[in-house]
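Step one of this worksheet: look at the structure below.
The values are calculated or read from the model by the stated rules, or taken from the named source; none is laboratory data. The structure presented is a predicted model; accordingly, all values stated were derived computationally and were not measured. Cβ placement follows ideal geometry from the backbone for every residue including glycine, while neighbour counts extend to all protein chains displayed. The area values use the complete protein model at the heavy-atom level, side chains included, leaving out ligands, DNA and RNA. Shrake-Rupley method; radii C 1.70, N 1.55, O 1.52, S 1.80 Å.
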Amino acid sequence: MKTRRDFLKTSGALTIGSLLWKNIPEPAKFKNVGIQLYTFRKEMQDDALGTLKRIASLGIKQIESARSEKGNYYGLTPNEMKKVCADLGMTLRSGHVHVDNKFSQTMNDAAEAGQEYLICSTMPTNGQTVDNYKKVAESFNKTGEECKKMNLKFGYHNHEYEFESEKGQVLYDVLLNNTDAGLVHMELDLGWVIVTGKKPMDYFTNFQGRFPLWHLKDMDMVKKQSTEFGKGGLDILQVLKQSKQSGMKYFFVEQEEYTSTPFESMKENMDYLAKLKL
């Protein structure tokens, strides 16, 4: 079993300080592309440092972590994760977490890691009802206040089920209407939006400025699963043109299924972005 010290080594005597890699290629147009590390979930579990190095070589600048069997930072301490990313020219910007009885420690770790955002990745309570979503909204407002005291920004990431309706109301809209925009920062997963038949642009218009974070994800509309950019149902160019209206500050590419490998798919996605003409 690998220890934390093992994570700070690769073949040879590689240390965190020696991970400052120069001549990392920049994408031709988008200079601040982010990645949700769930895209590389197996690779991060197996070799966190080596995987982050390869991610940096693609021109990625913003990192969003995700919970794993080894914790929120893949076996590294929060400070180690922060330093590794910084040495590679990247920023640990955000992290997907659960709001549970360990959330106080989660906030402390995020502050140590230097993150800006803590994102709740799933609904904390079950119940596809207006009443439940109102209760969740109230709890999110309180959680947002707790995070704000620690100079963290709390937010929520959607899947597809939030766009179901109850009593004539779209549940995601209930969440938006009952959360404080200054305390709950929405991360809109564009792929799951289009799978439900909704249009991201409608949300950008009706809830302007509410979406500082995106998951930029194209979706195969037949298989209802993610795919490489340009192969699915998301009009990527159009949504990027609406980024200002949405309030988007950072977007994280996320892909959960791949034609071949995660790295080959991500290289294809980066090449696609580089060729876009905004």
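Report every pair of residues separated by at least 6 positions or lying on different chains whose Cβ atoms are under 8 Å apart, first residue within the range 91-102 and on the phi < 0 side of the Ramachandran plot and among the charged types (D, E, K, R), second surrounded by fewer than 22 Cβ atoms within 10 Å (Cβ to Cβ) and in a loop (DSSP other than H, G, I, E, B).
Sorted first by the residue in the range 91-102, then by its partner, the pairs are R93/E116; D100/P124.
Of the residues that sit in the range 255-275 and are in a loop (DSSP other than H, G, I, E, B) and not hydroxyl-bearing (S, T, Y), which one is surrounded by the fewest Cβ atoms within 10 Å (Cβ to Cβ)?
Within the range 255-275, the first condition is being in a loop (DSSP other than H, G, I, E, B), and the residues that meet it are 255-261.
Filter once more, keeping what is not hydroxyl-bearing (S, T, Y): 255-257.
Values: Q255: 27, E256: 15, E257: 13.
Once the filter is applied, the top-ranked residue is E257.
Looking at (1) within 24 Å of D218 (Cα to Cα); (2) hydroxyl-bearing (S, T, Y); (3) out of contact with any strand residue (DSSP E or B) (no Cβ under 9 Å at 6 or more places or on another chain), find the lone condition where T125 falls short.
(1)
Which of the following residues is in a helix (DSSP H, G or I) and over 19 Å from I119 (Cα atoms): K53, K82? Break it down into steps so the answer makes sense when it comes.
Working: K82 fails: over 19 Å from I119 (Cα atoms).
Answer to the selection: K53.
Suppose we filter L183, L278 for residues that are among the hydrophobic types (A, V, I, L, M, F, W, C) and either closer than 23 Å to S94 by Cβ or open to solvent by less than 30 Å² (accessible area, probe 1.4 Å) (or both); which single one remains?
Values: L278 fails: either closer than 23 Å to S94 by Cβ or open to solvent by less than 30 Å² (accessible area, probe 1.4 Å) (or both).
Exactly one of L183, L278 is among the hydrophobic types (A, V, I, L, M, F, W, C) and either closer than 23 Å to S94 by Cβ or open to solvent by less than 30 Å² (accessible area, probe 1.4 Å) (or both), namely L183.
Can you tell me which residue in the range 166-180 is least open to solvent (accessible area, probe 1.4 Å), limited to those that are among the hydrophobic types (A, V, I, L, M, F, W, C) and without any contact (Cβ under 8 Å) to a residue 40 or more places away in the chain? Walk me through it before giving the result.
Of all residues in the range 166-180, those among the hydrophobic types (A, V, I, L, M, F, W, C) come to 170-171, 174-176.
Filter once more, keeping what is without any contact (Cβ under 8 Å) to a residue 40 or more places away in the chain: 170, 176.
Working: V170: 26, L176: 3 Å².
If we take residues in the range 166-180 being among the hydrophobic types (A, V, I, L, M, F, W, C) and without any contact (Cβ under 8 Å) to a residue 40 or more places away in the chain, then L176 is least open to solvent (accessible area, probe 1.4 Å).
If I ask for residues that are buried (at least 21 other Cβ atoms within 10 Å of the Cβ) and assigned to a strand (DSSP E or B), which ones from the range 56-79 would you list?
Hits for the range 56-79 are Q62, I63, E64, S65.
Among (1) in contact with a helix residue (DSSP H, G or I) (Cβ under 8 Å, 6 or more places away or on another chain); (2) crowded, with 21+ Cβ neighbours inside 10 Å, where does F252 come up short?
F252 satisfies all of (1) in contact with a helix residue (DSSP H, G or I) (Cβ under 8 Å, 6 or more places away or on another chain); (2) crowded, with 21+ Cβ neighbours inside 10 Å except (1).
Looking at the range 209-236, which of its residues are open to solvent by 10 Å² or more (accessible area, probe 1.4 Å), of a type in the set (D, E, K, R), under 17 Å from H159 (Cβ atoms) and touching a Ser or Thr at 6+ places or on another chain (Cβ under 9 Å)?
Passing the criteria: only D220.
Could you grab me the full set of residues in the range 97-156 that are open to solvent by less than 20 Å² (accessible area, probe 1.4 Å) and β-branched (V, I, T)?
Hits for the range 97-156 are V97, T106, I119, V130, V136, T143.
Yes or no: the range 160-182 includes at least one residue that is under 18 Å from Y38 (Cα atoms) and touching a Phe, Trp or Tyr at 6+ places or on another chain (Cβ under 7 Å).
Checked the range 160-182: at least one residue is under 18 Å from Y38 (Cα atoms) and touching a Phe, Trp or Tyr at 6+ places or on another chain (Cβ under 7 Å).
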